[in-house]
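K.L.:
I'd like to ask you about the structure that follows.
The values are calculated or read from the model by the stated rules, or taken from the named source; none is laboratory data. Just so it is clear, the structure is predicted and the values come from calculations on it, not from any experiment. Here the Cβ is made from the backbone with ideal geometry for all residues, glycine too, and neighbour counts use every protein chain on show.
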Amino acid sequence: MQNWWLMDAIYYVPWDSRLTEPVLTIRSETYNERGMARRARVGDVIEIATPKGLAYAQFTHKHDQFGPLIRVLPGIHAARPGNLADIVNGPSAFMIFYPVGAAAKRQLVNVVENVPVPEHSRGFPLFRCGTPDVITKKVKAWWFWDGNESWPVGALTPEQKKMPIRILVNHDALVNMITSQWTPETDRMWWQVAE
């Protein structure tokens, strides 16, 4: 009874009358030697299967309210690159909040290695955020958010449009953003600035 929390982490092998006990098989490389799911850690590099190939992201920060922050790395690959550390040390395509632990547990992503977060991505980024108008679905006044406090800024300059947008996405949205080469600057979703 005490191990019910492991249910999502195992496969039950079909019953065989020759067996005297149920047989369990661990299904992911993200489990430790005792068969327990390993918690996602800062520095984890995740592999994301998309219709166009494999994409990669790194878990860089854990926020108390929004959860894991990832930096999506540029490019889609036919196979896992041998120089993954070089890609991690390069620039980011974008940063976004994404439930890394839940996605790994459900095998939507694979944790392929843990690499120190590069110096240029260690500080918590400054985000832009806003509430869309109920009718137009556009943000009229933007706010900046540093992870603790937010303050109004109104309309954005072209440079400020490159800032990450404070949103938490599910797996399907993340894959769509990656395959469409989404960036905060080219965003055309509902949180777009009103014209």
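K.L.:
Considering the range 108-130 alone, what residues qualify as being surrounded by fewer than 16 Cβ atoms within 10 Å (Cβ to Cβ) and of a type in the set (S, T, N, Q)?
P.N.:
ASN114
K.L.:
While we're here: So which residues in the range 128-184 are part of a helix (DSSP H, G or I) and out of contact with any Lys or Arg (no Cβ under 6 Å at 6 or more places or on another chain)? Don't jump to the end; show me each part of the working.
P.N.:
Filtering the range 128-184 down to residues part of a helix (DSSP H, G or I) leaves 160-162, 171-179.
Correct list: GLN160, LYS161, LYS162, HIS171, ASP172, ALA173, LEU174, VAL175, ASN176, MET177, ILE178.
K.L.:
Restricting to the range 56-71, give me the number of residues that are touching a residue at least 12 places away in the same chain (Cβ under 8 Å) and either buried (at least 22 other Cβ atoms within 10 Å of the Cβ) or outside any strand (DSSP E or B) (or both).
P.N.:
Just the residues of the range 56-71 that are touching a residue at least 12 places away in the same chain (Cβ under 8 Å), to begin with: 56-63, 66-71.
Filter again for either buried (at least 22 other Cβ atoms within 10 Å of the Cβ) or outside any strand (DSSP E or B) (or both), leaving 56-59, 66, 68-71.
Of the residues in the range 56-71, 9 are touching a residue at least 12 places away in the same chain (Cβ under 8 Å) and either buried (at least 22 other Cβ atoms within 10 Å of the Cβ) or outside any strand (DSSP E or B) (or both).
K.L.:
Can you tell me which residue within the range 30-49, out of those that are among the acidic types (Asp, Glu) and surrounded by fewer than 21 Cβ atoms within 10 Å (Cβ to Cβ), is modelled with the lowest pLDDT? Steps first, please.
P.N.:
Going through the range 30-49, the residues among the acidic types (Asp, Glu) turn out to be 33, 44, 47.
If we keep only those that are surrounded by fewer than 21 Cβ atoms within 10 Å (Cβ to Cβ) too, we end up with 33, 47.
Details: GLU33: 50, GLU47: 97.
Out of the qualifying residues, it is GLU33.
K.L.:
Show the residue pairs that are 6+ apart or on different chains and have beta-carbon atoms under 9 Å apart, the first residue being within the range 134-154 and more than 30 Å from ARG122 (Cβ to Cβ), the second being of a type in the set (Val, Ile, Thr) and in a loop (DSSP other than H, G, I, E, B).
P.N.:
Taking only residues 6 or more apart or on different chains, the pairs are LYS140/THR131; ALA141/THR131.
K.L.:
Right, another one. Looking only at the range 89-107, how many residues end up being within 11 Å of the chain's Cα centre (by Cα), more than 16 Å from VAL42 (Cβ to Cβ) and surrounded by 17 or more Cβ atoms within 10 Å (Cβ to Cβ)? Walk me through how you get there before you give the answer.
P.N.:
First, the residues of the range 89-107 that are within 11 Å of the chain's Cα centre (by Cα): 94-104.
Then drop every residue that is not more than 16 Å from VAL42 (Cβ to Cβ), which leaves 94, 102.
In the following step, the residues that additionally are surrounded by 17 or more Cβ atoms within 10 Å (Cβ to Cβ) were identified as 94.
Residues flagged as within 11 Å of the chain's Cα centre (by Cα), more than 16 Å from VAL42 (Cβ to Cβ) and surrounded by 17 or more Cβ atoms within 10 Å (Cβ to Cβ) within the range 89-107 amount to 1.
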